[in-house]
Amino acid sequence: MNLLHRRICRSDSWATRMHGEVLPWVCRTVPLDGDVLEIGPGYGVTTRWLTEKGGRLTAVEVDPDLAAGVRASFGDRVDVRTGDGADLPFPEASFDTVVCFTMLHHVPSPLQQDRLFAEAARVLRPGGVFAGLDSRLSLRFRLLHVGDTMTVVDPAGLPDRLRAAGLADVEVDTAPRAFCFRAVR
């Protein structure tokens, strides 16, 4: 992530918006009281919100420095692993819920995104929910990502991609700047 992007993702205003508006919208029908896996917590803004929902939380972060920061922030309240969401270090059917927030566009290719979707499906228990959020393409979004990895997910094509990964009952909800999704194994 570039410097501006890092500053925004660590800011109090970003946390306030995520906790007060975005995460309640995304997770309105997502069970968060069981074994929950968060893929790509970044600086831990979303992780902080998830820790208050009562589940047993595990987080996987590809960036070792960010993983260390999340680990230091939450101690034993969150099992933080350094790893790739497209190659999760967990056995099949380990989690009730898998979530990812504002990170899919940082996955370097659609093929890697599809591997992440398949891994999320693999580690979910039958009936488990995979849910998340990402941004929609806009000039502002593109400018924010100058020098960053930016592989935008088309919300219109997402249902087919999630079904191909082994998920069902796919729902996608769009807003002007973002979209959220929910699917079931």
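The residue pairs whose first member lies in region 139-164 and is within 23 Å of R185 (Cβ to Cβ) and of a type outside the set (A, V, I, L, M, F, W, C), whose second member is modelled with pLDDT under 70 and surrounded by 12 or more Cβ atoms within 10 Å (Cβ to Cβ), and whose beta carbons are closer than 9 Å, counting only pairs six or more residues apart or on different chains, are D154/L137.
What do you reckon, is F117 aromatic (F, W, Y), closer than 22 Å to V36 by Cα, in a helix (DSSP H, G or I) and in contact (Cβ under 8 Å) with a residue 24 or more places away in the chain?
yes
Of the residues making up region 52-66, those that are touching a residue at least 24 places away in the same chain (Cβ under 8 Å) and either within 22 Å of H106 (Cα to Cα) or in contact with a His (Cβ under 6 Å, 6 or more places away or on another chain) (or both) are T58, V60, L66. All told, L37 falls short of being assigned to a helix (DSSP H, G or I), under 16 Å from the mean Cα position of the chain (by Cα) and either aromatic (F, W, Y) or buried (at least 20 other Cβ atoms within 10 Å of the Cβ) (or both).
Looking at L50 and the list (1) in contact with a helix residue (DSSP H, G or I) (Cβ under 6 Å, 6 or more places away or on another chain); (2) of a type outside the set (F, W, Y); (3) buried (at least 19 other Cβ atoms within 10 Å of the Cβ), which single condition is not satisfied? For L50, the exception is condition (1). Summed over region 59-73, residues that are more than 18 Å from the chain's Cα centre (by Cα) and either surrounded by 17 or more Cβ atoms within 10 Å (Cβ to Cβ) or hydroxyl-bearing (S, T, Y) (or both) total 1.
Tell me whether region 143-156 contains one or more residues that are assigned to a helix (DSSP H, G or I) and at pLDDT 95 or above. Checked region 143-156: no residue is assigned to a helix (DSSP H, G or I) and at pLDDT 95 or above.
The values are calculated or read from the model by the stated rules, or taken from the named source; none is laboratory data. Quantities reported herein were computed from a predicted structural model and do not represent experimental measurements. No Cβ is skipped: glycine too gets one built from the backbone with ideal geometry, and neighbour counts run over all protein chains shown.
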